[in-house]
Amino acid sequence: MFTLRLAAASAVVSGIVWLTAAPALASGDPEDDVVRDLTIEIEVDEDGVLHVEETYDWDFGERDGLGFYRSLSTEQPTDDGRRQFDYQEFSLSSPSGAPAEVVETNESRRELELTLGAPDGSDQTSTGVQTYQLSYTVHGAVDPNGLEWVTAGPHADVPMDRVTTEVNFPVDVQEGACWQGEDPDLDDGVSCEITTEGDTVTATAENLPPGGWQAVDLQVAADTFAGVEPIYAEPTAAEQFAERVAPATDRLWDSVLTYWWAVAAAILALAAAVVTVRRRRGADEHFPNLPQGSVPTGGTLEPTAPLRHEPPAVPRNAVPDGLRPFEAALLWHKTPHVPQADFTGLTVTDLAARGYLTMEETTQKTDGEDDDAGTDWLLTPTNKDTSALITWEREVLEALFPEQEPVRVSELDEGFTEAAHAAQKKAVDQFNARGLLARNVGGVGSLWAWIGGAVLFLVLATPLLSFGFGMPTSLNFLLLVVAVAAAAVGLGWAGTIRASNRRTAEGRVHYEQLRGLQLSQSVTVGASEETDLSPEEITEQLPYAMAFGDHEKWTQLMDARAETEPLPGLPTGSWVVLVATMPGTVGASHQGSGSASGSMSPGGFSAGSFGGGGGVAGR
């Protein structure tokens, strides 16, 4: 038995049926129609022309139907080019007396769609079972020694109870096979009933659902149709290009398959090189002639140099000089997108620690009695002079207390949200203006970053475009390898965005102070003896511990200390609860808008050369 070869994809082998809305005088759902019987008679003449007559017993049921649509495949991709099928001489009749017109013929690049029956909007509708006979001719379908043809389906919108195909050749048929399936992609072919008598073949398929199909592969004596030339479309510019590059890309792809391990190693080495170079370029600068954590004095210009090795941190029990907690978080993490370093939460906690407001733990207001009311915080302003505050700190404080009255966090309105956004943007802009990092944080990225992203996108999209334009398979795979390499480089680049953003020498000074503070805090919380830090110093360091992400143990220490003496900012309640709920209360109050720079968010048979095919749908 010979090997069958179906088309690579049914979307190309067969026409696509478009089911439009039923016209005004038609009724019911056309998809409820059933083809009770479809008989296809194909007469192949000596010139290889197919004379086709399709007889449909179409059951409209109780609905008023106008007729049906028939789509036919007009093009098939092959190794020799786009093979075309030329359909001519359409005619339609109805032995049962139903309206029978070829109402409209619509042709696209790969299909021909016929509108059959009565015109749209006609009152000449039909019900029950009606018989239609559609006839036409096909040029360019036969091969030198036979016919491989999808006779019914695969894009039928209605089920077909029985399909019988009879093919007559001018010579005896030597071999024949019938296949049927239910997958429109022609991936599930199974044998169907076929009989051969001399020059006539009869194939029968039954119970085809929507999307079902029948195909025949019929072989006659070699070169029976040798004088019949297949019809090929004129190659497009893309197809001509593909033909020219195919020999070279085939050889190159064979080499890639042979030395795949070397290609993989090269891609990994390239990605590793990007990561290494980016990390080296991201090495912090420092003042080599000054003590660690010290800044130049008296306006002197000190030389700077890249920091080759990370020195041990020097303990420091004081907060950094001239660096607020949110700025510390930006310098520490090199990004504003850190959940525990939420701008509003850090700023409000810092203002409370410095005596500009007090916070009391309470429960949220409810309409009635509710034992499960969530945690809320009552913020109360103090009369402390705000002239020493940075502009954006003052703006947050003014937004919290526009009337200088206590406010619940849960009651903060859209006005506060907008003010917090504006203050956060101003804080990020002022931080960037200080030049503590080589690149700005919190923005939309540099022009080069956007250009690099656009180039990466184009490289990743190129294999899809190449496939869509029908380029050689070898070229498609080579472009895919290039895309994988580009993706590896892109991941390496994206993964080192923060690592490559070096701290300037001044930024490194503040960073060393932060490292010293973090070290001292870790020693303090791990010591068995009580700390000698004052209540004000303990409270002042809390927002910095939040910026580090080390606040859990520090708040436990604060709660333990608060049992013996009050701490500024929180007369009653637990610091542990305060900081644990802060991102979900104050911090959440200004989320949801993307306008602020740096705003936070939580986290059987093979494919081959069958032509023909199409579909039917009710009207």
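The values are calculated or read from the model by the stated rules, or taken from the named source; none is laboratory data. Here the structure is a predicted model, which means the values were calculated and not measured. FYI the Cβ positions are ideal-geometry reconstructions off the backbone, even for glycines, and counts take in every protein chain you see. These area figures cover heavy atoms from the full protein model, side chains too; ligands, DNA and RNA do not enter into them. Shrake-Rupley method; radii C 1.70, N 1.55, O 1.52, S 1.80 Å.
Any residue that is under 18 Å from I390 (Cβ atoms) and in a loop (DSSP other than H, G, I, E, B) - is there at least one of those in segment 282-293?
Within segment 282-293, the first condition is being under 18 Å from I390 (Cβ atoms), and the residues that meet it are none.
Looking through segment 282-293, none of the residues is under 18 Å from I390 (Cβ atoms) and in a loop (DSSP other than H, G, I, E, B).
Given (1) under 17 Å from R36 (Cα atoms); (2) out of contact with any Gly (no Cβ under 9 Å at 6 or more places or on another chain); (3) of a type outside the set (V, I, T), where does M160 come up short, assuming only one miss?
(2)
Tell me, please, whether a residue that is modelled with pLDDT under 85, among the charged types (D, E, K, R), part of a loop (DSSP other than H, G, I, E, B) and open to solvent by less than 40 Å² (accessible area, probe 1.4 Å) can be found in segment 335-355.
yes
Residues V256, V245: which one is in contact with a Pro (Cβ under 9 Å, 6 or more places away or on another chain), over 22 Å from N501 (Cβ atoms), part of a helix (DSSP H, G or I) and not polar (S, T, N, Q)? Give the derivation first.
On the way: V256 fails: in contact with a Pro (Cβ under 9 Å, 6 or more places away or on another chain).
Going through V256, V245 in turn, just one is in contact with a Pro (Cβ under 9 Å, 6 or more places away or on another chain), over 22 Å from N501 (Cβ atoms), part of a helix (DSSP H, G or I) and not polar (S, T, N, Q): V245.
Hey, G97 hits all of (1) more than 45 Å from the chain's Cα centre (by Cα); (2) farther than 14 Å from G65 by Cα; (3) open to solvent by 60 Å² or more (accessible area, probe 1.4 Å) but one; which does it fall short on?
Evaluating G97 over (1) more than 45 Å from the chain's Cα centre (by Cα); (2) farther than 14 Å from G65 by Cα; (3) open to solvent by 60 Å² or more (accessible area, probe 1.4 Å) leaves (2) as the failure.
Sort out for me the strands (runs of 3 or more DSSP E) sitting completely within segment 1-72 that have 1 or more residues that are at pLDDT 50 or above and open to solvent by 40 Å² or more (accessible area, probe 1.4 Å). Show your work before the answer.
Values: elements: 5-7, 34-44, 50-59.
By residue number, 34-44, 50-59.
Within segment 222-256, can you find the residues that are open to solvent by 40 Å² or more (accessible area, probe 1.4 Å) and under 18 Å from G48 (Cβ atoms)? Don't jump to the end; show me each part of the working.
Quick first cut of segment 222-256, residues open to solvent by 40 Å² or more (accessible area, probe 1.4 Å) only: 222-224, 226-227, 229-232, 234-237, 239-241, 243-244, 247-248, 250-255.
Selection gives A222, D223, T224, A226, G227, E229, P230, I231, Y232.
Yes/no per residue for (1) modelled with pLDDT under 85; (2) among the aliphatic types (A, V, I, L, M); (3) at negative phi:
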position	(1), (2), (3)
L460	yes, yes, yes
S466	yes, no, yes
S474	no, no, yes
F477	no, no, yes
V481	no, yes, yes
V484	no, yes, yes
A487	no, yes, yes
W493	no, no, yes
S500	no, no, yes
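Residues that are within 27 Å of A226 (Cα to Cα), assigned to a strand (DSSP E or B), at pLDDT below 90 and in the same structural domain as V49 (by the TED database): does segment 89-107 have at least one?
no
Looking at G211, G176, which is the one that is over 21 Å from A141 (Cα atoms), open to solvent by less than 70 Å² (accessible area, probe 1.4 Å) and touching a strand residue (DSSP E or B) at 6+ places or on another chain (Cβ under 7 Å)?
Numbers: G176 fails: over 21 Å from A141 (Cα atoms).
From the options G211, G176, the qualifying one is G211.
Please go through segment 271-312 and give me each residue that is out of contact with any Ser or Thr (no Cβ under 8 Å at 6 or more places or on another chain), closer than 19 Å to L436 by Cβ and of a type in the set (A, V, I, L, M, F, W, C), ordered by number.
A283, L290, V295, L301, A305, L307, listed by residue number.
Within segment 506-549, how many residues turn out to be charged (D, E, K, R), open to solvent by 50 Å² or more (accessible area, probe 1.4 Å) and either within 16 Å of A318 (Cα to Cα) or not assigned by the TED database to the domain that holds T347 (or both)? Reasoning before the result, please.
In the first step, residues of segment 506-549 are kept if they are charged (D, E, K, R); the result is 506, 508, 512, 515, 529-530, 532, 536-537, 540.
Filter once more, keeping what is open to solvent by 50 Å² or more (accessible area, probe 1.4 Å): 506, 529-530, 532, 536-537, 540.
Keeping just the survivors that are either within 16 Å of A318 (Cα to Cα) or not assigned by the TED database to the domain that holds T347 (or both) gives 532, 536-537, 540.
Number satisfying all stated conditions: 4.
If I go through segment 153-170 residue by residue, how many of them are open to solvent by 10 Å² or more (accessible area, probe 1.4 Å) and at pLDDT 85 or above? Working first, answer last.
First, pick out the residues of segment 153-170 that are open to solvent by 10 Å² or more (accessible area, probe 1.4 Å): 155, 157, 159, 161-162, 164, 166, 168, 170.
With the extra rule that they be at pLDDT 85 or above, the set shrinks to 159, 161-162, 164, 166, 168, 170.
The total comes to 7.
Considering only segment 120-234, give the strands (runs of 3 or more DSSP E) lying wholly within it that have at least 3 residues that are of a type in the set (S, T, N, Q) and assigned by the TED database to the domain that holds T74.
Here the list reads 129-139, 160-168, 200-208.
Search segment 545-560 for residues that are among the charged types (D, E, K, R) and pair each with any residue that is open to solvent by less than 30 Å² (accessible area, probe 1.4 Å) when their beta-carbon atoms are under 7 Å apart and the residues are at least 6 apart or on different chains.
D550/Q521; D559/S574; D559/W575
Quick check, is L323 modelled with pLDDT of 90 or more, within 43 Å of the chain's Cα centre (by Cα) and surrounded by 14 or more Cβ atoms within 10 Å (Cβ to Cβ)?
yes
Test each condition in (1) modelled with pLDDT of 85 or more; (2) open to solvent by 10 Å² or more (accessible area, probe 1.4 Å) for L330 and report the one that comes out false.
For L330, the failing item is (2).
Considering only segment 487-534, state which residues are more than 46 Å from the chain's Cα centre (by Cα) and of a type in the set (V, I, T).
Residues satisfying the conditions are V523, T524, T531.
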